[in-house]
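Worksheet: one structure, shown below.
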Amino acid sequence: MKILELSPNRLAYSRSEAAEIIGVSTITIDRLTKRGLLNPSRATRRPLYPRWELERFLRETSERLKL
C-alpha cells in the first residue's frame, strides 16, 4: 500500500486520499465532516479536503492531547 504524504504541489485531496494521509478510514472522514471537525471544499461535485484543512485538523487535535 502506497502511503500518501502532503505534497506542496497539491492543494486538495479526495476523501480517500485525506483518510490515508491522516491515518483513518473513509468512514471516519465522513464522521469528522458531519461533526464539523473537518471542512471540505464543496467547489466540485465531490468534496475535496484542502491541504491546509488537514494540517489544521492534525495540529488542533494534537494540541488537545497536550492539555
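None of the figures in this text is laboratory data; all of them are computed from the coordinates on show. Here the structure is a predicted model, which is why all the values come from computation and not from measurement. Here the Cβ is made from the backbone with ideal geometry for all residues, glycine too, and neighbour counts use every protein chain on show.
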**Fill in**
If every Lys and Arg gets +1 and every Asp and Glu gets -1 at its Cβ, then about the Cα centre the range 12-67 yields a dipole, in debye to the nearest 20, of 220 debye
**Request:** Calculate, in nm to one decimal, what R45 and D30 gain on full extension: separation in residues at 0.36 nm each, minus their alpha carbon distance.
**Result:** 3.8 nm
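Near L48, within a Cβ-to-Cβ distance under 13 Å, what is the net charge of the other residues, with Lys and Arg +1 and Asp and Glu -1?
+4
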**Message:** Net charge within 13 Å of R15 by Cβ-Cβ distance, Lys/Arg positive one each and Asp/Glu negative one each, not counting R15 itself?
**Reply:** +1
**Complete:** Output ordering of 9-20, 51-62 (per-residue mean of other Cβ within 10 Å, highest first) is 9-20, 51-62
